[in-house]
1. Which of the residues spanning region 53-67 are open to solvent by 50 Å² or more (accessible area, probe 1.4 Å), within 13 Å of the ligand (Cβ to nearest atom) and in contact (Cβ under 8 Å) with a residue 24 or more places away in the chain?
2. Against the conditions (1) surrounded by fewer than 14 Cβ atoms within 10 Å (Cβ to Cβ); (2) in contact with a helix residue (DSSP H, G or I) (Cβ under 7 Å, 6 or more places away or on another chain), where does A400 fall short? Just the number, please.
3. Tell me, please, whether a residue that is out of contact with any Ser or Thr (no Cβ under 7 Å at 6 or more places or on another chain), surrounded by 12 or more Cβ atoms within 10 Å (Cβ to Cβ) and among the basic types (K, R) can be found in region 38-48.
4. Of the residues that sit in region 299-325 and are within 11 Å of the ligand (Cβ to nearest atom) and without any contact (Cβ under 8 Å) to a residue 24 or more places away in the chain, which one is nearest to H233 (Cα to Cα)?
5. Go through the residues of region 285-305 one by one and say whether even a single one is out of contact with any Lys or Arg (no Cβ under 8 Å at 6 or more places or on another chain) and either within 25 Å of V223 (Cα to Cα) or modelled with pLDDT under 90 (or both).
6. Go through (1) in a loop (DSSP other than H, G, I, E, B); (2) touching a Gly at 6+ places or on another chain (Cβ under 9 Å); (3) over 30 Å from F53 (Cα atoms) and name the single condition I338 misses.
7. Is it true that L421 is in contact with a Pro (Cβ under 7 Å, 6 or more places away or on another chain) and either loosely packed, with under 12 Cβ neighbours inside 10 Å or not in a loop (DSSP other than H, G, I, E, B) (or both)?
8. Under 6 Å between Cβ atoms, which residue pairs at least 6 apart in sequence (or on different chains) link something in region 231-246 that is open to solvent by less than 10 Å² (accessible area, probe 1.4 Å) with a partner that is more than 11 Å from the ligand (Cβ to nearest atom) and hydroxyl-bearing (S, T, Y)?
Amino acid sequence: MTATNNKNSVTVTDNRTGHSWDMPILQGTCGPNVIDIRKLYSESGCFTYDPGFTSTGSCDSSITYIDGDEGILRHRGYSIEDLAAKSDFMEVCYLLLNGELPNQSEKSEFKNQITYHTMLHEQMQYFYRGFRRDSHPMAVMVGVVGALSAFYHDSTDIRDPHQRLIASHRLIAKMPTIAAYAYKYSIGQPFVYPQNNLSYAANFLHMTFSVPCEEYVASPALVRAMDRIFILHADHEQNASTSTVRIAGSSGANPFACIAAGIASLWGPAHGGANEAVLRMLQQIGHKDNIPAFIERAKDKNDPFRLMGFGHRVYKNYDPRASVMRESCHEVLTELGINDPLLELAMELERVALEDPYFTEKKLFPNVDFYSGIILRAMNFPTSMFTVLFALARTVGWVAQWKEMIEDPNHKISRPRQLYLGADAREFVPMDKR
Ligand code: CMC
């Protein structure tokens, strides 16, 4: 096959037969053009082949824009730097879900909706008690979030816009409670109910760190840092977990089941599990004298070790979330008066890696996960909770993307095809002849 580019279409020619087909070129608001191959199979009898979707757009979307070469991330047109500095997580949630920043009364109404959905059905506590205390909290998250569909039947009809809205609010509101309970269960402390006079971030810290026997007030610095971490993780276009949510949802599955699928996908170390892996890696490196040896291992094709928190499928420049996170990390550690040698080590590792042609030539820069673990550790979260916090914050993005898909009248079930390389048709071999 060969392809030639006319002004508004690409002509694909099958060189074996000489047949040609015109494929329209679609133009987005920003970003590369897209060749519309929807009719390719029906017209040419060929599929395209793109494992890992490195050149494939799976949908159209108006939520998030990334320019990986320039290191740009925008939600609904607003830069992540502006949102992190000038907004708060509730506003970002509203923006992602509705397309515009809220005015004062819209914001109060939205906050109210979220605040009054934070409690979990009381019986869900028994669900937690079925888990081993040493379960990974992400395993608990996958189970409990999936189980929401068994507790909130009145918001699982995806064709009803009101039920979709309630399910969205429930997911965003209950995720901090579910996450905090997962932590409390793992350390054998009583569950702490949500408190309606607190902000979203402050309430999460309260449910995570307070105990019934004494008063707990999170410092404003901690609350601000938590809120900013949530903003930085809120959405990231069609990444693995978001695509998982969309694919699960494309069959008409209920939103709780879809978000549970997204959590499962996020758990992997190549995706949201990287923040946990970064901290383990820094602990393993231990001292800056050991950095060169680890860098060599990362470069060695025969060694599976990779520099965790480095590299990104889309960013071929500094991940803009990593820049904000790096800054936040310094602020939080200074405000809390913590002198963490792991931060020093991380900065040194970053410096050494970015001076090494292996990383610069392959455009491997620190990503959002590189610094987040250090802040979360300073805030007293155990390593096993890091990816849980990512899931909590990403829920709004998943929900916004799921809603966008369901509300698109042209959406179809996702059903990729394959290049089959297995055995051709053959005669069944009876047992005594094998
Ligand atoms: N350390 C060493 N080499 C690397 C790294 C790394 N962290 N990342 C990529 N490479 C090399 C890789 O070996 C390959 O080399 P070659 O071309 O010689 O075969 C080249 O760079 C391209 O890598 P790739 O795996 O083909 O790229 P990808 O787009 O499929 O993978 C990635 C992207 C994020 C999975 C990968 O960079 C990685 O494994 N990074 C470490 C894990 C990590 O930090 N993940 C968090 C991503 S950001 C948060 C999120 O979205 O969840």
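1. F53, T54
2. (1)
3. Checking region 38-48: at least one residue is out of contact with any Ser or Thr (no Cβ under 7 Å at 6 or more places or on another chain), surrounded by 12 or more Cβ atoms within 10 Å (Cβ to Cβ) and among the basic types (K, R).
4. Checking each candidate, the answer is R306.
5. Looking for residues that are out of contact with any Lys or Arg (no Cβ under 8 Å at 6 or more places or on another chain) and either within 25 Å of V223 (Cα to Cα) or modelled with pLDDT under 90 (or both), one finds none in region 285-305, hence no.
6. With respect to (1) in a loop (DSSP other than H, G, I, E, B); (2) touching a Gly at 6+ places or on another chain (Cβ under 9 Å); (3) over 30 Å from F53 (Cα atoms), I338 is out only on (2).
7. Considered against the rule, which asks whether it is in contact with a Pro (Cβ under 7 Å, 6 or more places away or on another chain) and either loosely packed, with under 12 Cβ neighbours inside 10 Å or not in a loop (DSSP other than H, G, I, E, B) (or both), L421 comes out as no.
8. Between residues of region 231-246 that are open to solvent by less than 10 Å² (accessible area, probe 1.4 Å) and residues that are more than 11 Å from the ligand (Cβ to nearest atom) and hydroxyl-bearing (S, T, Y), the close pairs are D235/T64.
The values are calculated or read from the model by the stated rules, or taken from the named source; none is laboratory data. It should be emphasised that the depicted structure is a prediction, and the values quoted were computed from it without experimental measurement. Note: ideal-geometry Cβ built from the backbone for every residue, glycine included; neighbour counts use all protein chains shown. What goes into the accessible areas is simple: the full protein's heavy atoms, side chains included, and nothing from ligands, DNA or RNA. Shrake-Rupley method; radii C 1.70, N 1.55, O 1.52, S 1.80 Å.
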